[in-house]
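> Supplied in structure tokens, the structure appears directly below.
Values quoted throughout were computed directly from the atomic coordinates according to the rules given, and no laboratory measurement underlies them. Computed from a predicted model, the values in this text were never measured in an experiment. Neighbour counts are summed over all protein chains in view; Cβ atoms, including those assigned to glycine, are modelled from backbone coordinates with ideal geometry.
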């Protein structure tokens with residue numbers, strides 16, 4: 001799945017309505033430009049593509065009194081809301097995706113009900129364990145990687161990654177079960193977005209041709 005698709009939908013959703021520069025600013029504020037492909041060009045492309053696909057509704061906003069070209073603001077459609085939630089669920093359960101996908105899923109974890117989030121994370125642990133079992137059908141960690149020459153280091157890496165991923169996920173499940181964080185339906189959610197005009201301490205400072213649109 002595409003992490004940028006989830007990130008862009010999630011950023012727009014947290015604002016209600018947002019223009020491209022706001023979305024870019026938020027993703028940089030989250031550090032997503034460092035751990036995903038959330039670069040300016042891909043962000044604006046995703047906004048336009050998802051508007052064409054009916055997941056976002058575009059509104060052209062008149063320029064401010066200070067001048068400049070009109071901006072396009074986006075908001076999620078009903079289909080966009082369904083797509084966003086489906087992508088969050090997929091990101092949390094898909095153990096075979098990149099770090100950018102699980103990172104994006106964690107970022108929007110609290111947009112689900114608490115019990116559903118726990119159930120999805122348990123699915124993740126089960127998937128990791130199943131994958132680990134498939135690896136150890138051909139490789140026995142106790143015998144060490146040398147049994148397969150240096151290629152054994154690949155399977156050694158897989159097994160250690162699986163163990164670390166499962167351990168971390170179980171820890172997160174425990175924290176959530178013990179009441180950590182505010183989930184959907186429990187009160188005012190946490191919103192890590194910047195207000196219009198608020199300075200972003202993590203901004204790259206590099207402008208994109210569409211930043212003013």
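> At q = 0.14, 0.20 Å⁻¹, what base-10 log of I(q)/I(0) does the Debye formula yield for segment 10-59 when every alpha carbon is treated as an equal point scatterer in vacuo?
Taking Cα atoms of segment 10-59 as identical point scatterers yields -0.31, -0.64.
> Further question: Would you list 1, 99, 50 from fewest to most Cβ contacts within 10 Å?
Lowest to highest Cβ neighbour count: 99, 1, 50.
> So how long is each side of segment 1-145 along the principal axes, counting just the alpha-carbon atoms, biggest first, in Å?
Result, largest extent first: 71, 31, 24 Å.
> Based on the alpha-carbon gyration tensor of segment 114-182, what equivalent-ellipsoid semi-axes (square roots of 5 times the eigenvalues) come out, in whole Å, largest first?
The equivalent ellipsoid of segment 114-182 has semi-axes of 31, 11, 7 Å.
> Also, quick follow-up: Quick check on the exposure proxy: order 26, 163, 100 from fewest to most C-beta atoms within 10 angstrom.
163, 100, 26
> For residue 119 and residue 142, calculate 0.36 nm times their separation in residues minus their Cα-Cα distance, and state this gained length in nm to one decimal.
Taking 0.36 nm per residue and subtracting the Cα distance, the gain is 5.1 nm.
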